[in-house]
Amino acid sequence: MNIAIIGAGLAGLSCALTLEKYGYSADIFEKRKKVGDRPVIGEAMSPLLHRPIDDAIKYLSEYHDIHLKPTTNIQKIFVHSPNETSFLEGHLGYTNKRGKDKNSYEKQLAEQVTSPIHLKKQVQYEEISKQYTHVVLATGDPLDTQSIQSYDTAFKATFAGAIVKGDFVHNEVHTWYDNELVPKGMVYFLPFSNTEGHLVLVYPKYKENLAIDKDKLWKVIFEKAEQTLKRKLSVTQQFDLDNYVVGKSKYPRIGNTFFVGNCFGAINPFLGFGQFTSILTGIYAAQDLCGISNYEEDVQVLYENYHDSLTLRRKLEALSNDQLDLITKYLHYKPVRKLLAGSNINLLKVLSTLTHPSHR
């Protein structure tokens, strides 16, 4: 086989690492001048999103020989609604950096890969598909998928965020939900350490949100975060992102082309993170190429998780602030917190079925 991987992100590099594990190699093409050449952002891996796997880092290391070092583990997730605050507690996953930071997941994976990474190579799929027997599309851009097949866009999102300095509890994450302040969106704070973290505002670009003044809203959110965290924050880096596509491909594979990462549809619509799913798609594509398993079968559980997550998101978007307060109040009860934080059941599936039992 002669394999090309277009894109040196999480999915593409995980695919290459898995191929190498079984004795194969691939040519990796990356249009940027460096792996991870983009602004630093924070993300999280949480078992709340991918049960029954309760520790993604351990799972990737023990089952797939992919070794990642997160920035910190998460022991508490605070949920702030307009008039209530509660929390989940336990082993709730990890935070990590993406982008230019030397410890970003992309950089870590690139250090483990031995296959050649061709930087500053913006190749065209049409040409590459003629030169190679198999192509793994891992550019991270759904538009590249749409040029080949159907891509179902659930929504487009707007982000505003900043790397902030302060005095933090390094393993405590904060989330804010307020449908009057951030319609159908959320705010989250992910700590990297006791002194640094990532504050992010994100909301969908629905018709009713097009009139939002993002800069003005960001200032309000920033002040609210300072009030909630009870400390002054200083900004070291800001970023904005518009029209970020959340959706899924219709087919995971067409002929000898595999769609992985965001080209597959790895973003979890409920909370917006997708790095674990991206890595899994890369692994599954490589295992298919090595004759170990079937990619189209392996990713069915990922499609199901996407649908469950989208169902939950639609339900959350429909809630009033009074209902958000009520849900946050439920988290005061230990049995509820134990169910959410300590159970190995697939809560996305259970909750989506309960809120929309006929969605399947």
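Going by what's in this entry, would Val245 be described as hydrophobic (A, V, I, L, M, F, W, C) and open to solvent by 10 Å² or more (accessible area, probe 1.4 Å)?
Against the criterion (hydrophobic (A, V, I, L, M, F, W, C) and open to solvent by 10 Å² or more (accessible area, probe 1.4 Å)), Val245 qualifies.
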* Does Gly166 meet the test of being surrounded by 14 or more Cβ atoms within 10 Å (Cβ to Cβ), closer than 24 Å to Gln275 by Cα and small (Gly, Ala, Ser)? -> no
* Which ones in region 179-230 are open to solvent by 30 Å² or more (accessible area, probe 1.4 Å) and among the small types (Gly, Ala, Ser)? -> Ser193, Ala211
* **strands (runs of 3 or more DSSP E) wholly inside region 1-76 that include at least 2 residues being under 21 Å from Leu190 (Cβ atoms) and open to solvent by less than 20 Å² (accessible area, probe 1.4 Å)** => 41-45
* Structure fact -> A careful count of residues in region 93-127 that are aromatic (Phe, Trp, Tyr) and under 19 Å from the mean Cα position of the chain (by Cα) gives 2
* Structure fact -> Among the residues of region 320-336, the number that are in contact with a helix residue (DSSP H, G or I) (Cβ under 8 Å, 6 or more places away or on another chain) and open to solvent by less than 80 Å² (accessible area, probe 1.4 Å) is 2
* Would you please name the residue that is most open to solvent (accessible area, probe 1.4 Å), looking only at residues in region 80-101 that are in a loop (DSSP other than H, G, I, E, B) and under 23 Å from Lys34 (Cβ atoms)? => Lys100
* Give me the pairs: first residue in region 320-332 and under 14 Å from Phe87 (Cα atoms), second residue in a helix (DSSP H, G or I), beta-carbon distance under 8 Å, and six or more apart or on different chains, which are they? -> Tyr330/Val336; Leu331/Arg337; Leu331/Leu340
* Asked: When region 265-314 is examined, which residues are found to be assigned to a loop (DSSP other than H, G, I, E, B), over 25 Å from Val113 (Cβ atoms) and either touching a Phe, Trp or Tyr at 6+ places or on another chain (Cβ under 9 Å) or open to solvent by less than 40 Å² (accessible area, probe 1.4 Å) (or both)?
  -> Asn268, Pro269, Leu271, Gly272
* To do: State which residue pairs qualify: first residue on the phi < 0 side of the Ramachandran plot and inside region 60-77, second residue β-branched (Val, Ile, Thr) and in a loop (DSSP other than H, G, I, E, B) in any location, beta carbons under 7 Å apart, and separation of 6 or more residues or different chains.
  => Leu60/Ile66
* In this structure, does Leu88 turn out to be touching a Cys at 6+ places or on another chain (Cβ under 7 Å) and touching a residue at least 60 places away in the same chain (Cβ under 8 Å)? -> no
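The values are calculated or read from the model by the stated rules, or taken from the named source; none is laboratory data. The structure displayed is predicted, hence computed values, not measured ones. All Cβ positions, glycine included, derive from the backbone under ideal geometry; neighbour counts span all protein chains shown. Quick note on the areas: whole protein, heavy atoms, side chains included, nothing else; ligands and nucleic acids left out. Shrake-Rupley method; radii C 1.70, N 1.55, O 1.52, S 1.80 Å.
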